[in-house]
1. Take the residues in region 215-261 that are free of Cβ contacts under 8 Å to residues at least 24 places away in the same chain and closer than 17 Å to VAL174 by Cα; name whichever of them is least open to solvent (accessible area, probe 1.4 Å).
2. Which number in (1) buried (at least 16 other Cβ atoms within 10 Å of the Cβ); (2) farther than 30 Å from ASN179 by Cβ marks the one condition that ALA23 misses?
3. Restricting attention to region 371-382, does a residue exist that is buried (at least 24 other Cβ atoms within 10 Å of the Cβ) and out of contact with any His (no Cβ under 7 Å at 6 or more places or on another chain)?
4. Any residue at all in region 188-207 that's in a loop (DSSP other than H, G, I, E, B), acidic (Asp, Glu) and under 28 Å from PRO578 (Cβ atoms)?
5. Output the number of residues of region 369-382 satisfying the condition of being in contact (Cβ under 8 Å) with a residue 24 or more places away in the chain and touching a helix residue (DSSP H, G or I) at 6+ places or on another chain (Cβ under 6 Å).
6. Kindly establish whether GLN389 is in contact with a Pro (Cβ under 9 Å, 6 or more places away or on another chain) and closer than 30 Å to THR505 by Cα.
7. Go through region 99-121 residue by residue and tally those that are aliphatic (A, V, I, L, M), in contact with a helix residue (DSSP H, G or I) (Cβ under 7 Å, 6 or more places away or on another chain) and not in a helix (DSSP H, G or I).
8. How many residues does region 606-620 hold that are crowded, with 19+ Cβ neighbours inside 10 Å and within 21 Å of SER655 (Cα to Cα)?
Amino acid sequence: MNRPLGPIRRASACPHDCPSTCALEVEVLDRNTIGRVYGAADNSFTKGVICAKVARYAERVHHKDRLLHPLMRTGPKGSGQYKRIGWDEALDRTAQAMLAAERDFGAESVWPYYYAGTMGLVMRDGINRLRNVKRYSGQYSTICTSLSWAGYLAGHGRMAGADPREMAQSDCIVLWGTNAVVTQINVMTHAASARKKRGTKIVAVDVYDNATMQQADVKVILKPGTDGALACALMHVLFRDGYADWPYLEKFADHPREFEAHLATRTPEWASGITGLPVAEIEALAKLLGERPKTFFRLGYGFARSRNGAASMHAVSAIPVVMGAWQHEGGGALHSNSGMFGWRKSLIEGLDARDPKVRQLDQSRIGPILTGDAEALWNGPPVKMLLIQNTNPLSVAPDQTLVRRGFARDDLFTVVHEQVMTDTAKMADLILPATMFVEHDDVYQAGGQQHILLGPKLIEPPGECRNNNEVITALATRVGAEHPAFSLEPRELIDRTLQASGHGTLAELEEKRWLDVQQPFEKAHFLDGFGWPDGKFRLKANWPKNPYSSPAKFGPVHDMPEFPDHWTSIELADETYPFRLTTSPARNFLNSSFTETPTSLAKEERPTVLIHPEDAAARGICEGDKVELSSLRGKVRLHAKVFAGLRQGVLIAESIWPNAAYEDGKGINTLTGADAPAPVGGGAFHDNKVAIHKLQALEA
């Protein structure tokens, strides 16, 4: 009798919102079951390495609490009282709510709300096809990239950068604003390999001694929101000590002499008072960079989490320009390669039906929007119907007090298409069960590398789970939305989009497993010119005319510094709120994903806040004490963890835990703000002034 040879490994791609977008090999045990997940060893970026949480992805796919059937709310909002209904009834009720809102308040009263729970182009972006055809309110997506992208574009003019595989040729690798061990493990794979083979120095710049710091040769722990000050001091020394590459600057940068004069007062002593770094550390780092022009700057999304993040990113991204690092293989910078793929997504998103006059509602301001803020609504109609895919705003959106109040409205009809019972699903009127990435076909692009990857359907979905495309096309029929793409299956959408974008066919991608679309060295390093008419990097930024695509400019744009500088637009600590809090990524979660899996929960244990020993002692706080954090926006209760690896006056809460994990049911984003920072808006999750008190002392 023939026996099975064991699990079959099938090629796939990680669907999650991570710059690595790993090429995967998934053990398929049978038509309904997967086993362990591995990194593809023959992919030149993944190199067989993936994060532990994705390696154990079977915990998510086969979780006992997967949503398996459509559910309709039967009790008060948030009560958790639901009954099972059929798909036809669920879709009919959803469509009726959409049509009723459109009839009574106009099409813009319907808001399809989504984000990056999957990064697949079909399953993530297909909701826009329904939005555009029906002229429902648009979404301006700000929760992740807007501030850092605006800062990078302010200088470079286009969103591209050096091939991350070049780190193998680097003399120094600077990881700035990214905890790569936690958020993009493959960067550390390449960096560690370079150190082993050629003695490359690894520098980590961040706000606490995290997992990446612990693998670095040089640790630079600064106060949150002070990156621009450090960058300016480093460039001051580079100019002062003869490390600036003047021939390169004269050819590739605007106003270099004026910039040098601007930096004359931005000394290490000046920066020390702002960043908390000793002068000697700043001098030593500048010398290290100056002596190693083949330095690769891997710039992370920490910049996008601060109100001055765009200005800080602009400042830091100017350093390799001053060094002339872009001229060298292994030098330059990478923030995101997203601008190089050249997608033509008209079919997926229905772009041919898009009406530019339809308002764009700011994703990060969902709290003000749902509570009727006229400015956030662009003085238009209220949102009466929400259709949510791929995101969990009742956990991840800022200013949770407003978000919760908005979702609790009796006149708001909310439909959530989801895989597990998230905080957002618990507030829905209807819940629709969704597939996971191994249960549908999709195509992925990387932001932190250069591959297009196929993620084919590997197993059958459990229960009655349906993929996003199935839900969108079924709703289109019911609400009278007509577009040729509504008749296409995911594989057809992938094939036609690949061909329209010049990336071949689906059959070719299936055979190759991925496509390497890295730009040639000269273009990737801007040696054919930066993305401006004169080809020069903009040391002097024009913030009111920043090329980042946004419906408007927000915040005090005209107060932003033209030349790189420290901009004090952050929430500065004061007598009432004497601490600065960042809500940094947790190693075993990815935003609010994996917060239901047993191993991730066991490893993270419980919500905590890191506090410096001297700050703790001054407040009578000991390891494990219950504490209350308060900000302008609310209060959160969690446990203290005394930790010496951060500056005094700084607190770190590694997140994002579900609301129920907190004693009072209020998640960490109760503390964060939903204002729109300059110049293009965004979520300033690491930019909060707070107070901390021992809970027993408060209750006494």
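The values are calculated or read from the model by the stated rules, or taken from the named source; none is laboratory data. All of these numbers come straight from a predicted model, not from anything done at the bench. Neighbour counts are summed over all protein chains in view; Cβ atoms, including those assigned to glycine, are modelled from backbone coordinates with ideal geometry. For the accessible areas, the whole protein counts, side chains as well, though only heavy atoms, and no ligand, DNA or RNA atoms are used. Shrake-Rupley method; radii C 1.70, N 1.55, O 1.52, S 1.80 Å.
1. Taking the candidates together, the pick is ASP217.
2. For ALA23, the exception is condition (2).
3. no
4. For region 188-207, residues in a loop (DSSP other than H, G, I, E, B), acidic (Asp, Glu) and under 28 Å from PRO578 (Cβ atoms): absent.
5. 4
6. When the stated conditions are applied, GLN389 passes them.
7. Counting residues in region 99-121 that are aliphatic (A, V, I, L, M), in contact with a helix residue (DSSP H, G or I) (Cβ under 7 Å, 6 or more places away or on another chain) and not in a helix (DSSP H, G or I) gives 2.
8. 7
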